[in-house]
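The values are calculated or read from the model by the stated rules, or taken from the named source; none is laboratory data. This structure is a prediction, so every number in the text was calculated from the model and none was measured. When we count neighbours, we look across all protein chains shown, and the Cβ atoms used for this are built from the backbone with ideal geometry, even at glycine. With ligands, DNA and RNA removed, areas are computed over all heavy atoms of the protein, side chains included. Shrake-Rupley method; radii C 1.70, N 1.55, O 1.52, S 1.80 Å.
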Amino acid sequence: MTTSAHVPDPARAGASAWVGIDLDAIRDNVAELVRRAGPAEVMAVVKADGYGHGLEPSARAALAGGATWLGVAQLAEALQLRAAGITAPVLTWLFPPGADVAGAIDADVEVTVGSPWTLDAVVAAARGRGRAARVQVKVDTGLGRGGILTDWSEMVHEIARAEAEDAVQVTGVWSHLAWADAPRHPTVRAQQERFVEACDELERAGVRPPMRHLANSAATLTNPTAHFDLVRPGLAVYGLSPVPDLGAPADFGLREAMRVTARLSLVKRARAGQGVSYGHEHVTDRDTVLGLVPMGYADGIPRAAGGRGPVLVGGERSTIAGRVCMDQFVVDLGPAYAGAAGDEVVILGRGADGEPTAQEWADASGTINYEIVTRMAPRLPRVLVGGNG
Ligand SMILES: *Cc1c(COP(=O)(O)O)cnc(C)c1O
């Protein structure tokens, strides 16, 4: 394994904490998803800076693992991939009125038509460009979020007309599940049935997109009947389980790509009865050793994890003592701690190696593992490991 040259030694550079990204894990996770989804193709979702793992490196590692598509929420994210020189097919599904759709067409980014106004915007942009815009149509089959809901039948005709006029070329139709993480929930089957109906209706109007897709990570891993022509996993690409009640990453052949570490910036003795951190919510119950971890809520440590968040220091599990501050928190390391400032603190990493996991942080702070990894702050340097560079 090689460490990228981006931040050769984050501690020397003055960083207090950093985020290690194992690009080989991303590549291998995608290869596993490709294996499970086949013959469906894999669109790796790299929105939100690759779920906190870095947009461009995650995209390249996912393509190396066999993804044939990249998916992003925002149009700006799609253009960032193009600016980085990535030429793989890219789909975007979120942009506001007034967005530069013509720029997307020029950059060969496929945009999602999920409402009457997005169709109008795409048609107008395509006319100005003199070439058909490649679009994918999004039907709301029951999530009640993005996509065409009650006016699907009218929109089918508008879409067919736009295609007949060569303003658009419909390359896909897609939808998103509300309860993918509960594969037996009745809405899952209902949404799949509605999706098939919606595709049939398009086909009767003469629109036959080659790609139909519905599955996120949870459906990719647990529900092959939802795979259709392509799957759209995000979380699983980064080695996290979208269904923690059904299995840990290793149970699905995945491994965590993110490892967040810091170095203790202070180790000191404290007497019994010492209040710790703002509001003294923790009070030492014996003479002990306190360690100061230079990460806080501004770095992505949830404030809600005060008193509960897990860390690994010197090979031993410990818990945040008292409140999480903006830039730091404290751990009560116990009277026998013999370490010193500079000792490694693993915030989260590989569950299989006994390190705290994003899932444990989610449980400790009342959220989901998605939020834990995506909230790791930009001020934490990303240290890339593996990959080709
Ligand atoms: C984020 C997202 C995905 C990926 O979801 P995961 O649960 O992370 O696999 C897929 N499709 C859409 C539309 C999304 O917004």
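Here are the numbers for the structure shown:
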quantity	calculated
Length gained when the stretch VAL196-ASP251 is fully extended (0.36 nm per residue, less Cα-Cα span)	16.7 nm
Farthest positive-ward along the chain dipole, Cα basis, beta-carbon charges - from THR68, VAL113, GLN328	GLN328
Dipole of the chain, positive end: most advanced residue of LEU348, ALA11, ALA162 [Cβ charges, Cα centre]	ALA11
For the chain, accessible area per residue (1.4 Å probe, heavy atoms of protein chains only), Å²	43
Stretchable slack from ASP24 to ALA336, in nm (0.36 nm times residue separation minus alpha-carbon distance)	108.5 nm
Computed label-point distance, nm, for sites THR187 and ASP108 using a 7 Å Cα→Cβ extension	3.8
Of ALA236, PRO209, ALA262, farthest towards positive along the dipole that unit charges on Lys, Arg, Asp, Glu beta carbons give the chain	ALA262
Rh (Kirkwood; distinct C-alpha pairs) - region 47-206, Å	16.5
For region 117-220, the Rg and Dmax computed from alpha carbons only, in angstrom	14.4, 47
Calculated P(r) of the chain - Cα pairs past 37 Å, %	30
The chain, accessible surface, carbon-and-sulfur percent (1.4 angstrom probe)	50
Percent antiparallel among DSSP beta bridges (both partners in the chain, rounded to 5)	50
Rounded tilt (10° steps) of 186-204 against the dominant C-alpha axis of the chain	30
Computed [θ] at 222 nm, deg cm²/dmol, the chain (DSSP H ≥ 4; -39,500 (n - 2.57); rounded to nearest 500)	-8500 deg cm²/dmol
Separation in nanometres of the label points that stand 7 Å from Cα toward Cβ, at ARG303 and ASP353	3.2
Label zone at ASP343, where the point sits 7 Å out along the Cα-to-Cβ direction: region 301-335 residues whose backbone N lies under 15 Å	311-321, 330-335
Total charge dipole magnitude, the chain, about the Cα centre, Cβ charges on Lys, Arg, Asp, Glu only, Debye to nearest 20	640
Unit charges on C-beta of K, R, D, E only; dipole of region 258-385, Debye	260
Residues GLU203 and ASP100, FRET efficiency given R0 of 30 Å [Cβ-Cβ distance, rounded to 0.05]	0.40
Degrees between helix 55-64 axis and first principal axis of the chain (Cα, 0 to 90, nearest 10)	70
